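Coordinate-derived values only; no laboratory data. A quick note: this is a predicted structure, and the numbers were derived from the prediction, not measured. Note that each Cβ is placed from the backbone with ideal geometry, even for glycine, and that neighbours are counted across all protein chains shown.
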Amino acid sequence: MDWIIAPVGRLQGTVAVPGDKSLSHRLAMLCALSGGRSVLHGYLDSEDCLHALDAVAALGAGVEREGTRVVITGTGGRLRTPDGPLEMGNSGTLTRLLAGLVAGYPVEVRLQGDASLQSRPMRRVLEPLARMGADAVSLPGNGCAPLRIRGGRLTGIAYTLPVASAQIKSAMLLAGLRARGTTRVVEPAPSRDHTERLLAALGLPVRRDGAAVEVDGSDGEPLDIPARDWPIPGDPSSAAFWLVAGAALPGSEVTVRQVGLNPTRCAFLDVLREMGADIEVSGLRETAWEPQGDVTVRGGAPLRGIEIGGARIANLIDELPVLAVVAAAARGTTRIRDAAELRVKESDRIATTAAMLQACGVPVETRDDGLDVAGGAVIRGGGVIASRGDHRIAMAGAVLALRATEPVTIRGTACVATSYPGFIDGLRALRPMG
Ligand code: S3P
């Protein structure tokens, strides 16, 4: 499926983005362990997150879904071996976190996924889980999916992550819940902390100690995980497309309502402000577990190229393709560094982001760990941006096309359904009438 995106002068209006993907994944898994009935409000009804529901159902949880309202009846910690392999689709998060979740239970689970998932590095979770005592292997033997996890008795370990990755950290914390003793994960830089917040909200023994997060395990005993209602805020990574589009189109005013504002996810807002964008947060609500609020951008403020690197990269890693798009609208060059992790996302996002920009005539230079984007070039329309099966490249490409001289074709947009099925409706809603 292709989109033909016509340029627009400006965007105007208010949108709500769908529920947070990271939170939807984590809630599906933890509610499946609880002893009762949990209700998730605003669950992300995207392909990746529907795979998460199917997976926990196959492990024994009860799942009822009506749109974005999901009721999960937990297993009380009695997971069962699924009848067949679990489909992870395109989701690295689901694969890695689920590998950790099941590792402490007496089950055998196979995790398989699409071509992109089969090329993504899984040793990063298999290795620490094996050290904890799980039989966790890559079936092809190349460190990639399909994976087979035979869970069992685990022992807590202290482990320093080789890269700042919330997925590895979370896999270990979830495994650590059932291990003997304490599991301690040291992060080279702070990554998103949704798992820690969620475990704490559930009353589980998790704590931060400087650069480390620790969880005390139950040594195979059942966990006492309460069932409850969970409101899921909008996904800031989805909001980023509209906020960048509004910042780059003078005369725009766009408000995204009820966006998750967890500081470990919102470094892109600081970057936009540093580039000169007019961003305002209102109605900030510090709920017991995840803050949320409304974010408004007003286009027209002059934007300047900046350096984006260092520890904050982990807190804006998913927004880098669309930040590269705003960089093209800025004065001067934007330098993205320390972002080698982009190479192992749903696509090699250093290569695919550069190709997206080049398809519209934006000068870009790539490096091993990032890219330089020259601002101020005319965005040439008439061409084709290939998503390469990567949802964020398709959507970032569409945002770039809004400022082009002519319509741009975005090739291969079915992948957008993995994270933001209503993206095109959102775009329609924000185009000014007449
Ligand atoms: C995620 C963590 C990030 C991010 C991914 C979702 C999560 O990956 O890129 O989209 O939900 O934990 P890493 O932590 O591996 O960088």
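Extension gain Glu365-Ala429, at 0.36 nm per residue separation less the Cα-Cα distance, in nm? Don't jump to the answer; show the numbers that get you there.
On the way: separation 64, 0.36 × 64 = 23.04 nm, distance 3.45 nm.
Difference between extended and current length: 19.6 nm.
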Q) What ranking, highest mean first, results for peptides 295-307, 240-252 when packing means the other Cβ atoms within 10 Å averaged over each residue? A) 240-252, 295-307
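Express the relative contact order of segment 87-161 as a whole percentage, based on alpha carbon pairs under 8 Å and six or more residues apart in sequence. Can you show the working numbers first?
On the way: 141 pairs, mean separation 26.0, N = 75.
Reported as a whole number, the value is 35 percent.
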Q.
Through the Karplus equation 6.51 cos²θ - 1.76 cosθ + 1.60, θ set to phi - 60°, convert the phi angles of segment 81-91 into ³J(HN,Hα) values in whole Hz; use x for Gly and Pro.
A. 5, x, 5, x, x, 8, 8, 9, x, 9, 9
Q) To the nearest 20 debye, what charge dipole does segment 316-422 have about its Cα centre, counting +1 at the Cβ of each Lys and Arg and -1 at the Cβ of each Asp and Glu? A) 260 debye
Q. How high is the relative contact order of segment 110-251, in percent, counting Cα pairs under 8 Å that sit 6 or more residues apart?
A. 18 percent
Q) Where does the chain land at 222 nm, in deg cm²/dmol rounded to the nearest 500, when only DSSP H runs of n ≥ 4 count, each adding -39500 (n - 2.57), divided by all residues? A) -8500 deg cm²/dmol
Q: Kindly express, to the nearest 10 degrees and within the range 0 to 90, the angle between helix 21-33's C-alpha long axis and the longest C-alpha principal axis of the chain.
A: 10 degrees
**Q.** Distance from segment 273-351 to segment 355-434 (C-alpha centre basis), Å
**A.** 15 Å
Q.
Would segment 325-382 count as rounded, prolate or oblate if I go by the C-alpha gyration tensor, calling it rounded below 1.5 in a/c and otherwise prolate when a/b exceeds b/c, oblate otherwise?
A. oblate
(Q) If I fit a long axis through the Cα atoms of helix 92-102 and take the longest principal axis of the Cα atoms of the chain, what angle between them do I get, 0 to 90°, rounded to 10? (A) 10 degrees
Q) What whole number of Å gives the distance from the Cα centroid of segment 231-249 to the Cα centroid of segment 143-178? A) 31 Å
Q | Net charge dipole size for segment 81-203 [Lys, Arg +1 and Asp, Glu -1 on Cβ; Debye, nearest 20] | A | 300 debye
Q: Considering the options Gly234, Leu177, Ala245, tell which one lies farthest towards the positive end of the dipole of segment 148-245, charges being +1 on Lys and Arg and -1 on Asp and Glu at the Cβ, about the Cα centre.
A: Leu177
Q | Degrees separating the helix 349-358 axis from the principal Cα axis of the chain, which is the longest one | A | 20 degrees
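What size of dipole, in debye to the nearest 20, comes out for the chain about its Cα centre when the only charges are +1 on Lys and Arg C-beta atoms and -1 on Asp and Glu C-beta atoms?
Working: 47 positive and 47 negative charges, 55 e Å.
Charge dipole, the chain, about its Cα centre: 260 debye, nearest 20.
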Q.
List the residues, sorted by chain then number, that are 5 or more residues from Val63 or on another chain and whose placed amide H is less than 5 Å from its amide H.
A. Thr73
**Q.** Relative contact order computed over segment 198-254 (Cα-Cα under 8 Å; 6+ residues apart), in percent
**A.** 18 percent
Q. Among Arg265, Arg153, Arg110, whose mean-square fluctuation peaks in a Gaussian network model of the chain (Cα, cutoff 10 Å)?
A. Arg153
